[in-house]
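Novice: Below you will find the structure I want to go over with you.
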Amino acid sequence: MRYSHYFTHTFKNPPAEADTANAKYLIQGGFVSQLSAGIYTFLPLGLRVMHKVMKIIREEMNAIGGQEIIMPALHPSENWNTTGRDVTCADILYRTEGHGGKVFYLGQTHEEIVTPLVKQFVNSYKDLPLAAYQIQNKFRNEPRAKSGILRGREFCMKDMYSFHADEADLDRFYQLVIEAYLKVFERCGLEAYVVKASGGSFSDKESDEFQVLTDAGEDIIYYDKKTKRGYNEEVSNEHSGENLIKGKAVEAGNIFKLGTKFSEDFGLYYMDEHGNKKPVIMGCHGIGISRLVGTIVEANHDEKGIIWPANVAPYHVHLLTLGNSEDVMQAADKLYQKLLHNNVEVLWDDRDERAGAKFNDADLIGIPNRIVLSERTLNQNQVEFKLRSSDQVKMIDLDKIIEELIF
């Protein structure tokens, strides 16, 4: 993509109200635009990052047997009345009325929708287990929308719901999800800790959170650096005898054992091999995708801007042309086409702009590989090459540059 073709651009200064690195750099870098507190437009650069995160998540969920669906975001109030969560979650549910005064809620989670859905297809133990997931925007009337895209009122989420004949099978799948989630976070360039927490409004059992250490975090966790396990502050008193490190962290995902609460509310039962009628046991497994993008920025930046991990960077290469001589532009176009032909994603800063501004934008945007082509480098049939994560600048022959790239 030629940068001059984007309708978006970077900004000279970060937003004055930015209180975290993700709020500062994602807005200043032209990845997102804030419409209102906790409500953001994902711009082309930001959407490319989010799509790469989605791809990683889909691959890992599919690998453990997840089946992707998409459910409505607009929920009839009757579904929430059935579980009583129209009352217990009233403070965070967005409520609206349709024709005839019919009440609807905007979904902040989907147990009330997926349970009666699965009821249509499950009758016997032979129909279990199953796991269905979706990637969809959620809506939460968040009283403290802050910290950029870490805490939003509208946010993108992957939520998966699993259905089992017994606790043993839920336990088996639960461990598969833990392993899959750790793979997701690792592929996104994050080191995640599996942290025990309360079930909150979702479950009366303990849950597991996936926490990433960062000063921007709103959670306090107690963790073991070696085992990558720990406890949320809510349940840490139960484990006070352990020698754990205290730190601030961002919750990047969570999983719950829901038990039979929702299946009993909606009459989701199955017949076991002996002909006995039993409630289906459920689990819930979520990753906030837009929140994860913000977490990646919090964990990967410096004073100049973002340092994207290669797997989720908007492009593999940031190509900068200095000067606008015909020879440089022709050579750059030839290199651009060669990179594309080799399946290398390139953002070509072809603007008629001073060198300092281009270098600053490259650092701010944070694409892993930077290639600079100018009259000086072209005269030597070379390019200037630098990794965003390094201060080292090298001169590389034009015909050997692909071998140097990290992606």
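The values are calculated or read from the model by the stated rules, or taken from the named source; none is laboratory data. In this text the structure is predicted, and so the values were computed from the model without any measurement. Here Cβ is always computed from backbone atoms with ideal geometry, including for glycine, and neighbour counts include all displayed protein chains.
Novice: Kindly indicate whether residue 319 is touching a strand residue (DSSP E or B) at 6+ places or on another chain (Cβ under 8 Å), crowded, with 22+ Cβ neighbours inside 10 Å and assigned to a helix (DSSP H, G or I).
Specialist: Considered against the rule, which asks whether it is touching a strand residue (DSSP E or B) at 6+ places or on another chain (Cβ under 8 Å), crowded, with 22+ Cβ neighbours inside 10 Å and assigned to a helix (DSSP H, G or I), residue 319 comes out as no.
Novice: Then there is this: Does region 169-192 contain at least one residue that is within 21 Å of the chain's Cα centre (by Cα), buried (at least 17 other Cβ atoms within 10 Å of the Cβ), modelled with pLDDT of 95 or more and of a type in the set (Asp, Glu)?
Specialist: Looking through region 169-192, none of the residues is within 21 Å of the chain's Cα centre (by Cα), buried (at least 17 other Cβ atoms within 10 Å of the Cβ), modelled with pLDDT of 95 or more and of a type in the set (Asp, Glu).
Novice: Would you check if there is a residue in region 392-402 being touching a Phe, Trp or Tyr at 6+ places or on another chain (Cβ under 6 Å) and either buried (at least 22 other Cβ atoms within 10 Å of the Cβ) or farther than 20 Å from residue 8 by Cβ (or both)? Step through it out loud before you land on a result.
Specialist: Let us first name the residues in region 392-402 that are touching a Phe, Trp or Tyr at 6+ places or on another chain (Cβ under 6 Å), namely 394, 396.
With the extra rule that they be either buried (at least 22 other Cβ atoms within 10 Å of the Cβ) or farther than 20 Å from residue 8 by Cβ (or both), the set shrinks to 394, 396.
So far as region 392-402 goes, yes, one or more of its residues are touching a Phe, Trp or Tyr at 6+ places or on another chain (Cβ under 6 Å) and either buried (at least 22 other Cβ atoms within 10 Å of the Cβ) or farther than 20 Å from residue 8 by Cβ (or both).
Novice: Would you pick out the residues in region 377-398 that are touching a residue at least 12 places away in the same chain (Cβ under 8 Å) and under 18 Å from residue 334 (Cα atoms)? Show your work before the answer.
Specialist: The initial filter retains those residues of region 377-398 that are touching a residue at least 12 places away in the same chain (Cβ under 8 Å), namely 377-378, 380-389, 395-398.
Scanning region 377-398 gives 377, 378, 380, 381, 382, 383, 384, 385, 396, 397, 398.
Novice: Considering only residues that are basic (Lys, Arg) and not in a helix (DSSP H, G or I), look in region 328-377 and name the one that is nearest to the chain's Cα centre (by Cα).
Specialist: The initial filter retains those residues of region 328-377 that are basic (Lys, Arg), namely 334, 338, 351, 354, 358, 370, 376.
Narrowing further to those that are not in a helix (DSSP H, G or I): 351, 354, 370.
Working: 351: 31, 354: 34, 370: 25 Å.
Per the stated criteria, the residue is 370.
Novice: Yes or no: region 284-305 includes at least one residue that is of a type in the set (A, V, I, L, M, F, W, C), surrounded by 21 or more Cβ atoms within 10 Å (Cβ to Cβ) and over 23 Å from the mean Cα position of the chain (by Cα).
Specialist: no
Novice: Next question. Look through region 76-91, keep the residues that are under 17 Å from residue 140 (Cβ atoms) and acidic (Asp, Glu), and return whichever of them is surrounded by the fewest Cβ atoms within 10 Å (Cβ to Cβ).
Specialist: Filtering region 76-91 for residues that are under 17 Å from residue 140 (Cβ atoms) and acidic (Asp, Glu), the one surrounded by the fewest Cβ atoms within 10 Å (Cβ to Cβ) comes out as 91.
Novice: Let me ask something else about it. Which one of the conditions (1) in a helix (DSSP H, G or I); (2) surrounded by fewer than 17 Cβ atoms within 10 Å (Cβ to Cβ); (3) more than 26 Å from the chain's Cα centre (by Cα); (4) not β-branched (Val, Ile, Thr) does residue 121 fail to meet, given that it meets all the rest?
Specialist: Residue 121 satisfies every listed condition except (1).
Novice: Then there's this: Taking region 228-277 as the search range and keeping residues that are among the aliphatic types (A, V, I, L, M) and in contact (Cβ under 8 Å) with a residue 24 or more places away in the chain, which one is nearest to residue 114 (Cα to Cα)?
Specialist: Within region 228-277, the match that is nearest to residue 114 (Cα to Cα) is 268.
Novice: Determine which member of the set 20, 82 is touching a helix residue (DSSP H, G or I) at 6+ places or on another chain (Cβ under 7 Å) and more than 22 Å from residue 253 (Cα to Cα).
Specialist: Details: 20 fails: more than 22 Å from residue 253 (Cα to Cα).
After ruling out the rest, the residue left standing is 82.
Novice: Tell me whether region 135-143 contains one or more residues that are among the aromatic types (Phe, Trp, Tyr) and surrounded by 14 or more Cβ atoms within 10 Å (Cβ to Cβ).
Specialist: Looking only at region 135-143, we keep the residues that are among the aromatic types (Phe, Trp, Tyr), and these are 139.
Then drop every residue that is not surrounded by 14 or more Cβ atoms within 10 Å (Cβ to Cβ), which leaves 139.
Within region 135-143, one or more residues are among the aromatic types (Phe, Trp, Tyr) and surrounded by 14 or more Cβ atoms within 10 Å (Cβ to Cβ).
Novice: Within region 261-276, restricting attention to residues that are surrounded by fewer than 17 Cβ atoms within 10 Å (Cβ to Cβ) and of a type in the set (Gly, Ala, Ser), which residue is nearest to the chain's Cα centre (by Cα)?
Specialist: Selected residue: 267.
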